[in-house]
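The structure appears below as structure tokens.
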Amino acid sequence: MSLTNIYLFSSFFLEKVSNKVQQMTAQNMLTKIASGRVLDYSHNIGQYMGGMDWPGEGFVLPIATAVAAHNTVYVLGRGAESTGVAAPMEPRAFGTRVGKFSVGPTPGDEEHLLTFGSFGEAPGQFMWPTGIALDEDENVYVSDEWLNRVSVFDKDGNLLSTWGSRGSGDGELNRISGITIDDNSNVYLVDSLNHRVQTFTRDGKFLGKWGGPGDGEGQLNSPWGICLDQDGFVYIADHRNHRVQKWTPQGEFLLQFGSPGDGLGQLQYPSDVTVDPAGDVYVCDWVNNRVQVFDPTGAFLTSIVGDAHEPSKWAQMTLDANADLRKARRLVSTMEPEWRFALPTGVTFDKVASRLIVADTQRYRLQIYNKITDYIEPQFNF
């Protein structure tokens, strides 16, 4: 091997080691500081809801969230399917529903308010729900990729309407996923297997579309999550292209960032995206089990990998009531896997409370991080 090749190999190796060290260092910090930004882990809420008749203090595969006034958070549960014993061919599921919660700023200050929706094909039911959004009246819109329809509820869980049909024409849908609503009450819907975004009125009338299959600028490959920033620009988690793209509200391509991989700033099948008031972008890096943070230009800032060192209030109640469960939990060699994200699917930035809410899907919980703008470094006098 020539000296040049040795030098190039050594430089590549050192860069890889440096990236891994940075990732490992970030994993051990409850407070993440990067380029003047501070994200401080707050707490987690939820627990595994193990059956149809459990109360609402838990989730089954929480996949997306939406935030309303007064610390109200709506959580969409994908649910888990099972096969019936008496009727093996009859599909069944539990936890497929929307939960409405009050989530205050203090750990333990969460309260279940309401549950609506269930598994099925009838009006007001869901088969494979994928996205949730709120309009200015706090009506709740839920997208369903199996039924190719949007169900609309009022804030008390009463069904108002449903719309959508399968196909590839204008206004038709094929495995829809993310959904969001702008200040003019226009609905932006990710039409995943048609590889495009479509816009509708609140009652489902087709307005426009953009995208198309491919990996070029402005093209999409099975897109998933969607959000709008403060200025109405549209961000898409371009799932199978392993990137995020940004458009004008009219569908003009502006920016893309991310590339396939597990390094810093790289993505593997991103599932959702959200933007805070300062323009920083948070991406659910689904297969890499983390949330990646980028600045408004798409430059990488930091990663979040999950920091739930303590059980949630509801999970602790379950542990306190079950001595065998407490004992079994103490027999594991390390608790670290319990702290970390497992296939996180949804991210939402709560602008009023200045906090990031991560749907930690395979851990059946939400993890919450505060974005602190007036953070003061700790001072020590020796």
Any residue at all in segment 195-209 that is open to solvent by 30 Å² or more (accessible area, probe 1.4 Å), closer than 29 Å to residue 258 by Cα and out of contact with any helix residue (DSSP H, G or I) (no Cβ under 8 Å at 6 or more places or on another chain)?
-> yes
So which residues in segment 355-364 are open to solvent by 30 Å² or more (accessible area, probe 1.4 Å) and within 18 Å of residue 107 (Cβ to Cβ), if there are any at all?
-> 363, 364
Only one residue in 315, 342 is among the hydrophobic types (A, V, I, L, M, F, W, C) and surrounded by fewer than 17 Cβ atoms within 10 Å (Cβ to Cβ), so which one is that?
-> 342
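Okay, residues lined up against (1) buried (at least 19 other Cβ atoms within 10 Å of the Cβ); (2) assigned to a loop (DSSP other than H, G, I, E, B); (3) touching a strand residue (DSSP E or B) at 6+ places or on another chain (Cβ under 6 Å):
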{"position": "92", "(1), (2), (3)": "no, no, yes"}
{"position": "99", "(1), (2), (3)": "yes, no, yes"}
{"position": "102", "(1), (2), (3)": "no, no, yes"}
{"position": "105", "(1), (2), (3)": "no, yes, no"}
{"position": "122", "(1), (2), (3)": "no, yes, no"}
{"position": "131", "(1), (2), (3)": "yes, no, yes"}
{"position": "136", "(1), (2), (3)": "no, yes, no"}
{"position": "160", "(1), (2), (3)": "no, no, yes"}
Wholly enclosed strands (runs of 3 or more DSSP E) of segment 247-354 bearing at least 3 residues β-branched (Val, Ile, Thr) | 272-275
What are the residues in segment 138-158 that are of a type in the set (Gly, Ala, Ser) and either touching a helix residue (DSSP H, G or I) at 6+ places or on another chain (Cβ under 7 Å) or in a loop (DSSP other than H, G, I, E, B) (or both), if any?
-> 157
For segment 197-240, list the strands (runs of 3 or more DSSP E) that sit wholly inside it and hold at least 1 residues that are more than 19 Å from the chain's Cα centre (by Cα) and closer than 25 Å to residue 152 by Cβ; which are they?
-> 206-211
Of everything in segment 49-90 that's within 20 Å of residue 121 (Cβ to Cβ), open to solvent by less than 10 Å² (accessible area, probe 1.4 Å) and outside any loop (DSSP other than H, G, I, E, B), which residue is modelled with the highest pLDDT?
-> 76
Is there any pair linking a residue in segment 208-222 that is closer than 17 Å to residue 170 by Cα and touching a residue at least 12 places away in the same chain (Cβ under 8 Å) to one that is charged (D, E, K, R) and assigned to a loop (DSSP other than H, G, I, E, B), with Cβ under 8 Å and at least six apart or on different chains, and which?
-> 209/170
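The values are calculated or read from the model by the stated rules, or taken from the named source; none is laboratory data. Fair warning: this is a prediction, and the values are worked out from it, not measured in the lab. Neighbour counts are summed over all protein chains in view; Cβ atoms, including those assigned to glycine, are modelled from backbone coordinates with ideal geometry. These accessible areas exclude ligands, DNA and RNA; they are computed on the full protein's heavy atoms, side chains included. Shrake-Rupley method; radii C 1.70, N 1.55, O 1.52, S 1.80 Å.
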